[in-house]
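Working notes, structure below.
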Amino acid sequence: MRYQGSCHCGALQFEVEAAEDLVVQECNCSMCSKVGYLHLIVPKEKFNLLKGQDNITTYTFNTGVAKHTFCKICGVKPFYTPRSNPDGVSINFRCLSPQPRNVRIEPFDGQNWEANAAGLAHLSQFEEP
């Protein structure tokens, strides 16, 4: 299915292809827990930025692998390149509109990231339909 998404003000708009029944991760790391981010990690090929490239600002920390992208206008982070899946995109499930009905939220222990990150690697692998 194709889902539409955006930041709060609509300056960043995107679409993402994902399953009808979604599984998202709720991470307890310092970044995700502060903003309530719910991860829908997909291959880059399943993500399409429709509008707003010029309104993106990027924040990095620690290793610099993760590229946290925010809207310059409203400050919302609707998607980013995660350290666990640099070959993919993590969509903030909360930024999809309308939100899919069938979703399962799985906890992810990001406070112990090094021990758990490999469990997410398969999510950004592109599979032919």
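Under a crude label model (7 Å from the Cα following the beta-carbon direction), how far is residue 125 from residue 105 in nanometres?
Each label point lies 7 Å from its Cα, and together they span 2.8 nm.
For n ≥ 4 DSSP H runs only, could you compute -39500 (n - 2.57) per run for the chain, divide by its residues and tell me the 222 nm figure to the nearest 500?
On the way: 2 runs with 10 residues, N = 129.
Taken over the chain, the calculation gives -1500 deg cm²/dmol.
What value in Å³ per residue do you get for the convex hull of the alpha-carbon atoms in the chain? Show your work: numbers first, answer last.
Numbers: hull volume 12.9 nm³, N = 129.
Dividing the Cα hull volume of the chain by its residue count gives 100 Å³.
When only DSSP loop residues count, what chymotrypsin sites (Phe, Trp or Tyr not before Pro) in the range 97-129 have their Cβ near at most 13 other Cβ atoms within 10 Å? Write out the running numbers ahead of the final one.
Working: sites: 108, 113, 126; in loops: 126.
Answer by residue number: 126.
Charges at C-beta only: +1 for Lys and Arg, -1 for Asp and Glu. How large is the resulting dipole of the chain about its Cα centre, in Debye rounded to 20?
Working: 12 positive and 13 negative charges, 111 e Å.
Charge dipole of the chain: 540 debye, to the nearest 20.
Every number in this text was worked out from the coordinates using simple rules, so none of it is lab data. Model, not experiment: these values are computed from the prediction. No Cβ is skipped: glycine too gets one built from the backbone with ideal geometry, and neighbour counts run over all protein chains shown.
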